[in-house]
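The values are calculated or read from the model by the stated rules, or taken from the named source; none is laboratory data. What you are looking at is a predicted structure, and each value in this text was computed from that prediction instead of being measured. Don't worry about glycine lacking a Cβ; one is built from the backbone with ideal geometry, like all the others, and counts go over all protein chains shown.
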Amino acid sequence: MTHKRCVNLYFPRVINMAKKRRINTKKVAGATVLTALAVILSPIFFPVGPTKCFPFQHMVNAISGILLGPWYAISVATAAGIIRNMLGTGTIFAFPGGIPGALVVGVTYHFIKNDLVALTEPIGTGTGAIISALIVAPMIGKTMTVTAFLIAFLASSIPGSIIGYLVIKGLRKGGFPGFD
């Protein structure tokens, strides 16, 4: 087989692989804006034990799960958690408290395609509360019961997901491009 023929056989496969892995610029921009929104609103929290309950993270999780999908929503929750921890407005509990909620909304919206799935965010956050109580808190030497974490996280998640749902509905009703 000649060198030219080998290149011709292989090169189209490389191009096809690159096409499959395209980065959606609109989703990256949306993820960046939502991460920034979560960080900007991060001084608004209420402390419960070793956690800082932050309803606006749950709002952002609901919005990003619906508009961007599960993987971008997880990225937004992770990036916001990292930045909030670096700024001192978050704790290690930002990760198990935020990421599962974003995942649940994103996956649920993928299958159901209804804005009401924003209200499923507390299911993921409840799972994060259990992870926080059983794994994360003991690892850092803190003690708090599963019930206490559930109450704290849901007190933040339920209003946050409702706000997120209302924001989505407002954006769609307002006729913003991409929200129809």
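Exactly one residue among 171, 166 is in a helix (DSSP H, G or I), modelled with pLDDT of 95 or more and farther than 19 Å from residue 42 by Cα, and that residue is 166. Pairs linking a residue in region 131-148 that is closer than 17 Å to residue 101 by Cβ to a residue that is assigned to a loop (DSSP other than H, G, I, E, B) and among the aromatic types (Phe, Trp, Tyr), with Cβ atoms under 8 Å and 6 or more positions apart or on different chains, are 132/93; 136/93.
Just one of 108, 89, 125 is out of contact with any Gly (no Cβ under 8 Å at 6 or more places or on another chain) and of a type in the set (S, T, N, Q); which is it?
On the way: 108 fails: out of contact with any Gly (no Cβ under 8 Å at 6 or more places or on another chain); 125 fails: out of contact with any Gly (no Cβ under 8 Å at 6 or more places or on another chain).
Of the residues listed, the single one that is out of contact with any Gly (no Cβ under 8 Å at 6 or more places or on another chain) and of a type in the set (S, T, N, Q) is 89.
Residues in region 87-112 that are at pLDDT 95 or above and over 20 Å from residue 138 (Cβ atoms): 101, 102, 103, 104, 105, 106, 107, 108, 109, 110, 111, 112.
Take residue 128 and decide whether it is assigned to a helix (DSSP H, G or I), farther than 15 Å from residue 67 by Cβ and either of a type in the set (D, E, K, R) or in contact (Cβ under 8 Å) with a residue 60 or more places away in the chain (or both). Break it down into steps so the answer makes sense when it comes.
Values: assigned to a helix (DSSP H, G or I): yes; farther than 15 Å from residue 67 by Cβ: yes; either of a type in the set (D, E, K, R) or in contact (Cβ under 8 Å) with a residue 60 or more places away in the chain (or both): no.
In short, no.
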